[in-house]
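The values are calculated or read from the model by the stated rules, or taken from the named source; none is laboratory data. Note that this is a predicted model, so its numbers are computed, not measured. Cβ coordinates were reconstructed from backbone atoms using ideal geometry, including for glycine residues, and neighbour counts include every protein chain displayed. Heads up: the accessible areas ignore ligands, DNA and RNA and are worked out on the full protein's heavy atoms, side chains in. Shrake-Rupley method; radii C 1.70, N 1.55, O 1.52, S 1.80 Å.
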Amino acid sequence: MNAIQAIRGMNDILPEDTDMWLHVESTCRSVLEAYRYRQIRTPLLESTELFARSIGEETDIVSKEMYTFLDRNGDSLTLRPEGTASCARAGIQNGLFYNQQQRLWYLGPMFRHERPQKGRFRQFHQFGAEAYGWPGPDIDAELIAITARVWRELGLTRPRLEINSLGTRETRRRYQAELVGYLESCIDKLDDDSVRRLKTNPLRILDSKNPGVQDVLVDAPSILSFLDPECDDELALLKGNLDSMGIEYRINQRLVRGLDYYSKIVFEWVVDGIGAQSAICAGGRYDDLVAGIGGRPTPAVGFAAGLERIVDLIIEEGGGVAATNPDIFIVSEGSEGRARALVLGEELRDASLRVQVHFGEGGIKNQFKKADKSGAELAVVIAGQELSEGKVTVKKLRNGGEQRMVDNGETLKTVQELLNSL
Ligand code: HAM
C-alpha cells in the first residue's frame, strides 16, 4: 500500500528543526512585547468575501492563489492567505477600534496556492504586527524599528530596507493614467503578463522580474512625483525618523505591493542572493481598509514576515541554536527500577529539572549509551545494589565521571550539588 504523503508545498517541521523555530518565535514575541503589542488569534478560515474585498479581486492572491471551498451549508470559505484582513475584521467585530488605539501581533500559518519553490510554500508561517488608530508616520517608524530589532536579535545582517509611498487613491489614479500611457507607448516590448496587467492592475507591472520589462521601466514615470504635499511630508518625516534611529533604507520608487489595500507608506525587507523570493518581510499603511470592510474610518499600518525565509536565512548566515538537552537521564533495571524511575522523574521535575526516563528493554550499558547521546549532564542509576538497598547512584556523564551512591531521599540534593559543580 502506498504511504500517504503531505500536500505539495505544505511541510512538516520536524523535531530537529523545531528548536530553531521556537527560538525565532520567542524572539519575535519578546521584541513585540517590549513595544507593548498584544497578541491576537483569529480563525484560519474566514468568509471568502473578506479577502476579496480587502486584498482586492484583481490581485494574484485573490484571483489565483486562495484555497476556497463551499462548506456543508454552501457558504464560500477561504483558508487565510494573510493576517491583516482577519485582524481588521476581528477589530471591527469586537469593537477594538471604537475610541481606542490598538497595537496587535499574530503568528501562524497562512495558505496560498502558489508554485512551490525555495522560500515559497503553500502553507507558510508569518509573524506580523498591526497598529490601528494612529495616522503615522511615527508609528510606521516604530514598526520598522521592531523589524530591525528582530533581525538584530536573530543575528541577521543581510536584510536591507526599501521604502516607498503609494500616496492617496487620487495619487494612484493620476499616476496610473500616466504609467499606462507610457507603457502603451512601448507595448511591443512588454511580455504577455504585463500586457494583461495593463488592463487589470497596471501598478503591478512595476514589480515585473522580466529583464525586458525592467528595461522599459527604467524610463517610466515615478509615483513619487505624483505625491500630494501631505504624503510628501509624511515620507520625509519617516525618513527623518529612520535616520535618527540609525536604520538604513533605500527609496525604491518601484516598490508596489501585491495587495490592494495599501496607501501612503509601504516597505519591504529584502535579502540579496537568496533567489527570487527575496522579501523576508513586507508591510505598509492601509488607512482605507477598515472602512472598506464595514468599520469606521481607522488609520492603520502593519507588516508581516515570512518565518520559513527567516529560518533559512539564519542557517545560511551560519546561526543556530543549542538543542535543549535533558539535565538528567534515569537508567534503571527491571520493573521495580522502572517504577522507581517514574516517581523519581516526577520529583526531579518538581524541582524544575529536565529529566528523560528510559523505558522498554535494554541493559545498563545500552542505556548509558542512550544517556550519552541525549546530551544529559548526569545519569541517575537505579539497578542492582541501588534496588536492593533503596539507593540511587548519581553520575556525571562527562568531566571525569564522578559518581556518588546515596539514599533515595538524598537524590535531589546530590543532583543539585553535582550540577552546581559542573
Ligand atoms: P505579503 O508581502 O504578501 O504581505 O507577505 C509578507 C511576507 O510573507 C513576505 O515578505 C514573505 O516573507 C512571506 N510570504 C508570502 N508568501 C509566502 C509563501 N508563499 N511562502 C513563504 N513565505 C511567504 C502580507 O501578507 C501583508 N499582510 C503584510 C502586511 C501586514 N501589511 C500590512 N500589515
- Among the listed pairs LYS118/LYS239; LYS365/LYS395; LYS365/LYS391; LYS118/LYS373, which are separated by more than 25 Å between their Cα atoms? LYS118/LYS239; LYS118/LYS373
- Task: Please list, in chain and number order, the residues 5+ apart from TYR67 or on another chain whose amide H is under 5 Å from its amide H, with Hs placed from the backbone.
- Result: LEU79, HIS113
- Note on the structure: Karplus-derived 3J(HN,Hα) from phi for segment 368-385 (6.51 cos²θ - 1.76 cosθ + 1.60, θ = phi - 60°), whole Hz, x at Gly and Pro, runs 5, 4, 5, 4, 4, 5, 5, x, 5, 7, 10, 10, 10, 10, 10, 8, x, 4
- Message: Quick check: Cα centre of segment 107-176 to Cα centre of segment 349-422, how many Å?
- Response: 49
- Ratio Rg/Rh [Cα only; Rh per Kirkwood] for segment 96-247: 1.01
- Residues in segment 162-191, backbone N under 17 Å from the label point at ASP233 (7 Å along the Cα-to-beta-carbon vector): list them, ranges by number please. 167-168
- Set of lysines near LYS189 by C-alpha distance (under 25 Å), chain-local residues within fewer than 8 positions excluded: LYS199, LYS209
- Where nothing but the Cβ of Lys and Arg (+1) and of Asp and Glu (-1) is charged, how large is the charge dipole of the chain around its Cα centre, in debye to the nearest 20? 480
- Mean Cβ neighbour count within 10 Å, used as a protection proxy, ranking 355-364, 252-261, 269-278, 9-18 highest first: 252-261, 269-278, 355-364, 9-18
- How high is the FRET efficiency between GLN214 and ARG354 when r is their beta carbon distance and R₀ equals 56 Å, given to the nearest 0.05? 0.55
- Task: Just the number, please: percent antiparallel of the DSSP beta bridges in the chain, rounded to the nearest 5.
- Result: 80
- Task: Summarise the accessible area of segment 1-104 (1.4 Å probe, protein heavy atoms) by the percent that is carbon and sulfur.
- Result: 48
- Message: Quick check on the chain: helices-only [θ] at 222 nm, where DSSP H runs of length 4 and up contribute -39,500 (n - 2.57) each and the sum goes over total residues. Nearest 500, please.
- Response: -12000 deg cm²/dmol
- Note on the structure: Sorted by chain and then number, the residues having a modelled amide H within less than 5 Å of the amide H of ASP228, at least 5 places away or on another chain, are THR168
- Query: Separation between the MET1 and VAL195 pseudo-spin-labels, each 7 Å from Cα along Cα→Cβ, expressed in nm?
  - Reply: 5.3
- Task: Return the percentage of antiparallel bridges among DSSP beta bridges fully within segment 314-408, rounded to the nearest 5 %.
- Result: 55
- Portion, in percent, of the accessible area of segment 287-401 that falls on carbon or sulfur, probe 1.4 Å: 50
- Size of charge dipole - segment 202-265 - debye, nearest 20, with Cβ of Lys, Arg +1 and Asp, Glu -1, no other charges: 320
- Message: For the chain, place one equal point scatterer on every Cα, skip the solvent, and apply the Debye formula. What is log10 of I(q)/I(0) at q = 0.13 Å⁻¹?
- Response: -1.10
